[in-house]
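Take a look at the structure below.
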Amino acid sequence: MESNDKSQITTTKNDPITRTLAKTPYPAWTMATLCLGSSGLAARNYPGLPSVWTVIGFSLMFSLSGYMTYVGDFSNGAGTSTSWSLIYSLFNVERSIKSRKPLPIVMSSLALSNAYVYGKYYFF
């Protein structure tokens, strides 16, 4: 017996925006660009930013997770981006809020939003 319930049908037209974003490398690459771009300020001990080697390391990991997504490995790309976004947030959110500087707050906000977007795809 066939059901007429069409609520379970999904297409690319009605995918939520988070699922669509999680299938693109752009949020991860944006975070990688911000990390790499802030390395000059981190070298000068800008308030709220981690050390220069830390932002370079995060930049490499976000670039890698974006590349995984770019080549079509959505699950591993989302998992890697989620884990590194949560690690960045765990170690840097408090410092960035206390600094009250825009760049560290934007970077922490982007890390939390990446954790949400990619985490929702990976876990749900």
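Descriptive notes on the structure:
- In this rough spin-label picture, where each label sits 7 Å from Cα along the Cβ direction, the residue 17-residue 33 distance is 1.9 nm.
- Working note: 222 nm ellipticity from helices only, DSSP H runs with n ≥ 4, each -39,500 (n - 2.57), summed and divided by the residues of the chain, gives -24000 deg cm²/dmol to the nearest 500.
- Cα centre as origin, Lys/Arg/Asp/Glu Cβ charges: the chain dipole, Debye: 500
- A simple count of charges around residue 88, restricted to other residues whose Cβ falls under 15 Å of its Cβ and scoring Lys, Arg +1 and Asp, Glu -1, yields 0.
- R0 of 25 Å, Cβ-Cβ distance residue 46-residue 94: FRET efficiency to nearest 0.05: 0.95
Each value in this text was obtained by applying a stated rule to the coordinates, not by laboratory testing. The shown structure was predicted, so the numbers you read here are calculated from the model rather than taken from an experiment. All Cβ positions, glycine included, derive from the backbone under ideal geometry; neighbour counts span all protein chains shown.
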